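Notes to accompany the following structure.
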Amino acid sequence: MTKLTSRRGMLFGAAAVSAGAVLAGCTSNDPDSGDDKAADTQPAADDKPGKQVTIGYAGPQADHGWLNAINDNAKKRAEKYSDVTLEVTEGSNDTAQQIGQIETLINKKVDVLVILPADGKALTQVGLKAMNAGIPVVNLDRVFNSPQAYRCWVGGDNYRMGLNAGHYIGERLKGKSGARVIELSGPDNLELTQERTKGFDDALKNYSNIKKVARQAADFTVESGQSKMAQLLQAQSQFDALWNHDDDQGVGALRAIEQAGRDDFVMVGGAGALSAFQAIKADSGVLKATVLYPPTMAASAIDLARALGQGKGVGGLAEYEIPSSVTCYSAVVDKDNVDQYMSTGFK
């Protein structure tokens, strides 16, 4: 386990005001009473260091580009804070090992926990244990089975990933009669894959000229992307667009496409890898866009954990408390906005 003493950049902060002042501001009819200024003193962004907070972070084993980016985003965000100490466990995809690591953090009496569970269902009990010990939990991405096991959840929107990919492709093919699309998904046993496919299918219902003619499931690896894409290319001699759920497996898919000498369709990726951004910017191949599942959600989890530890709200919102859930938006990145997102791309 490593300890990082860190510095803070932006987003959360607050100066507390009394409930009485807010009530007066809501009820006064006198414009000169001054009570209408109460809203201006509600929690707002504040870059000044505050109460020292120790955050325990239990993340995944970095066996995938996106997971590695999750861990990096959490650590780098924490380094922006002068008032945060980050206790980091060794990343693990072993449920029993991760439970033991979290229990160690609980015994150390950290102020807040940020947990991306290897298995949300299996780790629900240790989340409950932390909450019952008075340690608020920020549940990152893979959700626990019970909302009682976390104070706040922050993660991506798998359904909207598919929805936005489908709408992007639909608009690209709008007006093309008899348009055909195919899909290279993630593992079918994962709920996230099912949600991404459902969103994609729902979007395509808006375009009567488009038909999905084939779908193949890969498993988020370069090797599976290459082999499954090769099968799709052999089975489908003509199609107009491809949606690939994951940019890591997309590296393999692009290899298969290049080997087959195909360039007669457009491809949309998923997640937000740096290699995908670079290919989109170069605009010399089939990959024209990718739909984000942003690893920056881990940085946001650190922001939320600090706010919880200091009893603050979220800058820009009127609420005194942080939300119970934060769903990150699945933006479409293409050549028009890729420069904006380039710095967030993961390797």
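The values are calculated or read from the model by the stated rules, or taken from the named source; none is laboratory data. Keep in mind the model is a prediction, meaning the values are calculated, not measured. Don't worry about glycine lacking a Cβ; one is built from the backbone with ideal geometry, like all the others, and counts go over all protein chains shown. Accessible surface is based on the protein model in full, side chains and every heavy atom, while ligands, DNA and RNA are left aside. Shrake-Rupley method; radii C 1.70, N 1.55, O 1.52, S 1.80 Å.
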*S343/D283 FRET efficiency (R0 22 Å; Cβ-Cβ; nearest 0.05)*: 0.70
_Just to be sure I follow the rule: in the stretch 40-175, considering lysines 8 or more places apart or on different chains, how many pairs have Cα atoms under 27 Å apart?_
24
_Please check: in the Gaussian network model of the chain (C-alpha springs, under 10 Å), which one of S325, S177, S146 has the largest mean-square fluctuation._
S177
*Per residue, how much accessible area does the stretch 261-311 have with a 1.4 Å probe, in Å²?*
26
*asked:* Multiplying the sequence separation of D119 and A214 by 0.36 nm and subtracting their Cα-Cα distance, what value in nm do you get?
replied: 31.1 nm
*Specify whether the C-alpha gyration tensor of the chain places it in the rounded, prolate or oblate class, a ≥ b ≥ c being the square roots of the eigenvalues: rounded for a/c under 1.5, otherwise prolate if a/b is larger than b/c and oblate if not.*
prolate
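Carbon and sulfur: what percent of the chain's accessible surface (1.4 Å probe)?
Values: 7530 of 15790 Å².
In the chain, the share of accessible area belonging to carbon and sulfur is 48 percent.
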_Sort H167, H64 by heavy-atom solvent-accessible area, probe 1.4 angstrom, most to least._
H167, H64
*Between S227 and A62, what is the FRET efficiency for a Förster distance of 22 Å, r being their Cβ-Cβ separation, to the nearest 0.05?*
0.40
*Return the single residue from L113, L163, L317 with maximal mean-square fluctuation; model: Gaussian network over the chain, springs between Cα atoms under 10 Å.*
L317
*Hey, in the GNM for the chain with a 10 angstrom Cα cutoff, which one of D83, D94, D201 fluctuates hardest?*
D94
